[in-house]
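Below is one structure, written out as structure tokens; the observations come after it.
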Amino acid sequence: MKPILLQGHERSITQIKYNREGDLLFSVAKDTIANVWYSVNGERLGTYNGHTGAVWCVDCDWDTKSVLTGSADNSCRLWDCETGKQMALLQTNSAVRTCGFDFSGNIIMFSTDKQMGYQCFLNFYDLRDPQQIDDNQPYLSLPCNDTKVTSAAWGPLGEFVIAGHENGEINQYSAKSGEILKKAKEHSRQINDLQLSVDLTMFISASKDCTAKLFDSMSLDHIKTFKTERPVNSAAISPIMDHVVMGGGQEAMDVTTTSTRIGKFEARFFHAAYEEEFGRVKGHFGPINCVAFHPDGKSYSSGGEDGYVRIHYFDPQYFDFELEA
């Protein structure tokens, strides 16, 4: 299982995303650049240049026409995937932390940070209405006064957004009315990442409280818990196996205070049903900030604090593997 190493960033990776077919992999980092790669061989297809601050999030729509990025330069930008041209620029008052296209690709959501006296907002724009873009006026803007949104993803059919908060809460916000449909408080600390399963029925949350948890995306029922000894920065659900992969490590600012052996920067594989860990993959020289499964389930990628993205293709033994109960 020799990884493909993608070297296109000078600073730590903040998020990686596959498109729906899985032939492209998007990566964003703290160095203002958004890269897109061919996932099959790790060749760089191009970059999306324009941000002037760390880029926190990236998303790609269903048919790989447009790319959305959110950055600490207080903007959310829409790009033409093929040409790299900037199609829209949405200015905000504070850094954009999460962003996403809904299932149709017509509606985008993004959340802004609570900083410099500004509130945390969850904003919804309809791209079919150019007026909203020109006036920079979302059709729905929800203030999250209690605790800021640290990760978010669209629920099934684009009816609501599932948002994870700094205090460990998970909420469903309706994309039409803006009301909170459901709440869950299973985590005790900040939710670092939310990723849905391929059929959108479940999602996995990665938290600073050293666990990742599996939830039902409609009812927010808590299904499973995967425990580790260090904060989980990201977790993903395999599209073909009952497996989840988790990436973590201690906070970047604490890394220098521990010996190299305790760092433990492996990607960890757990069985989704038995909650048992069955494998680890080494490789990064720092905490893993994001993990993602390829949509066909035959490979996965991880992006680390070391600024590298690694694509791992699974060996044939992986697919025959059975966990002894």
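Just so it is clear, none of the values below were taken in a lab; they were calculated from the coordinates. Not measured: the values here are computed from a predicted model. Every residue, glycine among them, receives a Cβ derived from its backbone with ideal geometry; neighbour counts consider all protein chains shown.
When the Cα atoms of segment 95-225 are aligned to their principal axes, the ranges along those axes come out at 44, 36, 20 Å in descending order.
With coordinates expressed along the principal axes, the C-alpha atoms belonging to segment 14-160 extend over 44, 31, 27 Å, beginning with the largest. Checking the Cα-Cα distances for Lys85/Lys148; Lys17/Lys185; Lys185/Lys224; Lys30/Lys183 against a 23 Å cut-off, the pairs over it are Lys85/Lys148; Lys17/Lys185; Lys30/Lys183. Averaging over all projection directions, the Cα-based convex hull of segment 109-153 occupies 3.6 nm² in the image plane. Between Thr225 and Asp80, the modelled labels are 5.1 nm apart [label points 7 Å from Cα along Cα→Cβ].
Rounded, prolate or oblate: which one fits segment 154-245, using the alpha carbon gyration tensor with axes a ≥ b ≥ c (rounded when a/c is under 1.5, else prolate when a/b beats b/c, else oblate)? Since a/c reaches 1.5 but b/c is at least a/b, the shape of segment 154-245 is classed as oblate. With the alpha-carbon atoms of segment 66-144 aligned to their principal axes, the span from lowest to highest coordinate is 37, 23, 22 Å, starting with the largest. Here the sum of -39500 (n - 2.57) over DSSP H runs of 4 or more residues, divided by the residues of the chain, equals -1000 deg cm²/dmol at 222 nm, to the nearest 500. For segment 166-252, the list of trypsin sites (Lys or Arg not before Pro) that fall in a loop by DSSP and count at most 16 other C-beta atoms within 10 angstrom reads Lys176, Lys185, Arg189. Size descriptors for segment 286-325, from the alpha-carbon set: Rg then Dmax equal 12.5, 38 Å.
Over the chain, the pair-distance histogram of Cα-Cα distances with 10 Å bins from zero comes to 6, 28, 38, 23, 5, 0 percent, rounded to whole numbers.
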